[in-house]
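Accompanying notes for the structure given below.
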Amino acid sequence: QVQLVESGGGLVQAGGSLRLSCAASGRTFSSYAMGWFRQAPGKERDLVAAITWSGDYRYYVDSVKGRFTISRDNAKNTGYLQMSSLKPEDTAVYYCAAAPSGSYTNIRSYAYWGQGTQVTVSS
């Protein structure tokens, strides 16, 4: 079992930055892929960024490329999402998740989820 707890969300002006953290419990987190998802009101939960267990491969949705950076520190059982040049359309609840197997870009691979953290970007 893996438990995930996000932190770092908040209110920021457009153009600002935030760093989300995802603290994981359980020794197996370091062997799982990790993803950050977001869900805006009335919309589906979408993948924003993902990283393999080793950190060798990373995926970003087109809308955040060049602005967001996903990373992880397996020694600390923690994942991160650095968000810069934030836009109002980035406003959503952000979730981290862990995938024990399967494609790290497929939401169906993610078996463990955090409770989410709100990110609000004002214009």
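The values are calculated or read from the model by the stated rules, or taken from the named source; none is laboratory data. Keep in mind the model is a prediction, meaning the values are calculated, not measured. Note that each Cβ is placed from the backbone with ideal geometry, even for glycine, and that neighbours are counted across all protein chains shown. Just the protein is used for accessible areas: all its heavy atoms, side chains included, with ligands, DNA and RNA removed. Shrake-Rupley method; radii C 1.70, N 1.55, O 1.52, S 1.80 Å.
What accessible area per residue comes out for the stretch 1-113, rounded to a whole number of Å², with a 1.4 Å probe?
The answer is 52 Å² per residue.
Under a 10 Å cutoff between Cα atoms, tell me which one of Tyr94, Tyr59, Tyr104 has the largest fluctuation in the Gaussian network model of the chain.
Between Tyr94, Tyr59, Tyr104, it is Tyr59 that shows the largest mean-square fluctuation.
Count neighbours as other Cβ atoms within 10 Å of each site's Cβ, and list the trypsin sites (Lys or Arg not before Pro) in the stretch 43-93 that are DSSP loop with at most 11 such neighbours.
Lys43, Lys65
Excluding same-chain residues fewer than 8 positions from Lys76, which lysines have a Cα within less than 29 Å of its Cα?
Partners within reach: Lys65.
Using the Cβ atoms and a cut-off under 13 Å, what net charge is assigned to the surroundings of Lys43, where Lys and Arg are +1 and Asp and Glu are -1?
-2
For Lys43, list the aspartates and glutamates whose Cα falls under 18 Å from its own Cα; do not include residues on the same chain fewer than 8 positions away.
Reachable aspartates and glutamates: Asp62, Glu89, Asp90.
At a 1.4 Å probe radius, which order do Asp73, Asp56 fall into by accessible area, largest first?
Largest accessible area first, the residues go Asp56, Asp73.
Quick one: P(r) of the stretch 5-92 from all Cα-Cα pairs, 10 Å bins, percents rounded to integers, in order of increasing distance.
Histogram of Cα-Cα distances, whole percents per bin: 16, 50, 28, 5.
May I ask for the net charge around Ser7, where only other residues with Cβ less than 14 Å from the Cβ of Ser7 are counted and Lys, Arg are +1 while Asp, Glu are -1?
Neighbourhood net charge equals +1.
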